[in-house]
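Have a look at the structure below before the remarks.
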Amino acid sequence: MNIDLRDYVFGELSAAERREVEAACAADPALREELARLQVTQSALFSLREEELPRRIAFVSDKVFEPKWWQVWLNSGPRMAFASAALLAAAIVFHGSVPQAAAPSAPVAMDQAAFEKRISEEVTRVLPAALAQAEQRHRTQLASAIQEAEGKYQKLRQEDQMNMEASYSLFREKQAAMMVSYAQSSGGGAQ
């Protein structure tokens, strides 16, 4: 009979195979001890948090840490001063060479009161809709964040519960084995 305790611990056996392993463990103390060790290992593994492995280990001497050509150029003070002066000179030359449009004959008179009234009307028309849209977007984001956090905490609670159940089961088995051992030693010593 080939007993695979690893498949039993990970729940990969059929019901008949599970009963067969349980019967073999009940009959053989060495198998029981090995099963207990595997269950302790499993509960220890389930208690660990999953972490993403590093994709690449970088060293200080790697080319990744060398500055790019444009970073070297931008960090140079004299080069930046020369570039600024050249840009200013080009702007002056361009401005001088482009023909100027004729200036308007008379400045447009603007009614300050009408302008302020129009701005006030635009603000009162647009602002409530923008505020409602921003509030709805905020509520959606908040609900999504709460739901995600609740999912994570629910998963953690389930993992903790599984670990506690496995530990409790192992404790009960150890306690039962100790009680049987004690009863056998007490019963055997009296005879």
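The values are calculated or read from the model by the stated rules, or taken from the named source; none is laboratory data. Note that the structure is a prediction, hence the values are computed from the model and not measured. Methodologically, a virtual Cβ is constructed for each residue, glycine included, from the backbone with ideal geometry; neighbour enumeration extends over all protein chains shown.
The table that follows gives values for the structure above.
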| item | result |
| --- | --- |
| Single condition Gly187 does not satisfy, out of (1) touching a residue at least 24 places away in the same chain (Cβ under 8 Å); (2) surrounded by fewer than 10 Cβ atoms within 10 Å (Cβ to Cβ) | (1) |
| Some residue of segment 110-132 being among the aliphatic types (A, V, I, L, M), surrounded by fewer than 10 Cβ atoms within 10 Å (Cβ to Cβ), closer than 30 Å to Met164 by Cβ and modelled with pLDDT of 75 or more | no |
| Residue identified as out of contact with any helix residue (DSSP H, G or I) (no Cβ under 6 Å at 6 or more places or on another chain), touching a residue at least 12 places away in the same chain (Cβ under 8 Å), assigned to a helix (DSSP H, G or I) and surrounded by 10 or more Cβ atoms within 10 Å (Cβ to Cβ) among Ala177, Ala149 | Ala177 |
| Flag for Leu38 being surrounded by 10 or more Cβ atoms within 10 Å (Cβ to Cβ), modelled with pLDDT of 80 or more and not in a helix (DSSP H, G or I) | no |
| Given (1) at pLDDT 85 or above; (2) under 30 Å from Asn163 (Cα atoms); (3) surrounded by 10 or more Cβ atoms within 10 Å (Cβ to Cβ), index of the condition Ala89 fails | (2) |
| Residue within segment 16-31 that is in contact with a Phe, Trp or Tyr (Cβ under 9 Å, 6 or more places away or on another chain) and either basic (Lys, Arg) or assigned to a loop (DSSP other than H, G, I, E, B) (or both) present | yes |
| Selection count, segment 152-174, where residues are among the polar types (S, T, N, Q), exposed (fewer than 11 other Cβ atoms within 10 Å of the Cβ) and more than 21 Å from the chain's Cα centre (by Cα) | 1 |
